Amino acid sequence: MLRHPVLRMIALSTGVANFFSAMLMSVQTVFLVRVLELPAGVMGLMLSASAVGGLAGAVCAGAIARAVGQARVIWLSTLVTGPFALLWPLAGPGLAGAWFAVASATVFFGAVVYNVAQVSFRQLLCPDELLGRMNATLRFMVWGTMPLGALAGGAVAGAAGPRAAVWVCAAGFLLVPLPLLLSPLRGLRDLPAPQSERTS
């Protein structure tokens, strides 16, 4: 199934996103405490921003897909929200720390919208008897990048400091939509009809 060009590009984009998400997770607490000098309560609010954004994304995913197209939203969600990652390293002490929360909420809003759309695409594309194999293969590939991202985050932070690691992470999020934009997905508005409907 991964011979399909769109599946390959989805796997590549998701793997890149997970790599840099894990990179952020490995350094964000150190960044918030040592660089932004946030008190514990404020840091908790900052870390919860991504969950709030993700919840909002889950609520809005269906409406957004209907508005812009079920296939188009796969790449559009990452293209629109990814640049907000640049607000992570621009955050500073005091009120400037709010940029970190804005970035987290927006990026993870887009991530959930993207995941709802791309998982739906995968399930429509794949025959029922191959769904388990396809999902297992893709999850191994895209989740396998997360330990590597965490190690990379620690290595960059150790060598150049937490803010440098957050900068690398933010720049990495700009790469996420590129494989999707280079795939046939860019020319589609909606997902294809389920296989049972095409053959009935």
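The values are calculated or read from the model by the stated rules, or taken from the named source; none is laboratory data. Everything numeric in this text was worked out from a predicted model, so none of it was measured. Positions of Cβ are backbone-derived with ideal geometry, glycine not excepted, and every protein chain shown enters the neighbour counts. Calculation scope for accessible area: heavy atoms of the full protein, side chains included, ligands and nucleic acids excluded. Shrake-Rupley method; radii C 1.70, N 1.55, O 1.52, S 1.80 Å.
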query = Per residue, how many Å² of accessible area does the chain show with a 1.4 Å probe?
reply = 49 Å²
task = Treating the angle as unsigned and between 0 and 90°, give the value, to the nearest 10°, between the Cα long axis of helix 5-30 and the longest Cα principal axis of the chain.
result = 20 degrees
ask   = All other residues with a Cβ under 14 Å from the Cβ of Gly97 taken together, and with Lys, Arg as +1 and Asp, Glu as -1, what is their net charge?
value = +1
query = How much of the accessible area of the range 59-200, probe 1.4 Å, is carbon plus sulfur, in whole percent?
reply = 70 percent
ask   = Dividing the alpha-carbon radius of gyration of the range 1-78 by 2.2 N^0.38 Å (N being the number of residues), what value is obtained?
value = 1.45
remark   = Here, the chain modelled as identical Cα point scatterers in vacuum has Debye log10 I(q)/I(0) at q = 0.16, 0.17, 0.19 Å⁻¹ of -1.00, -1.10, -1.29
request  = Rounded to the nearest Å, what's the spacing between the alpha carbon centres of the range 15-73 and the range 95-112? Just the number, please.
outcome  = 6 Å
query = In degrees, nearest 10, range 0 to 90: what is the angle between the Cα axis of helix 98-125 and the longest Cα principal axis of the chain?
reply = 20 degrees
query = Which angle from 0 to 90°, rounded to the nearest 10, does the C-alpha axis of helix 131-143 make with the longest principal axis of the chain?
reply = 20 degrees
note = Between Ala71 and residues 5 or more places away or on another chain, the pairs with built amide H atoms under 5 Å apart involve Asp190, Leu191
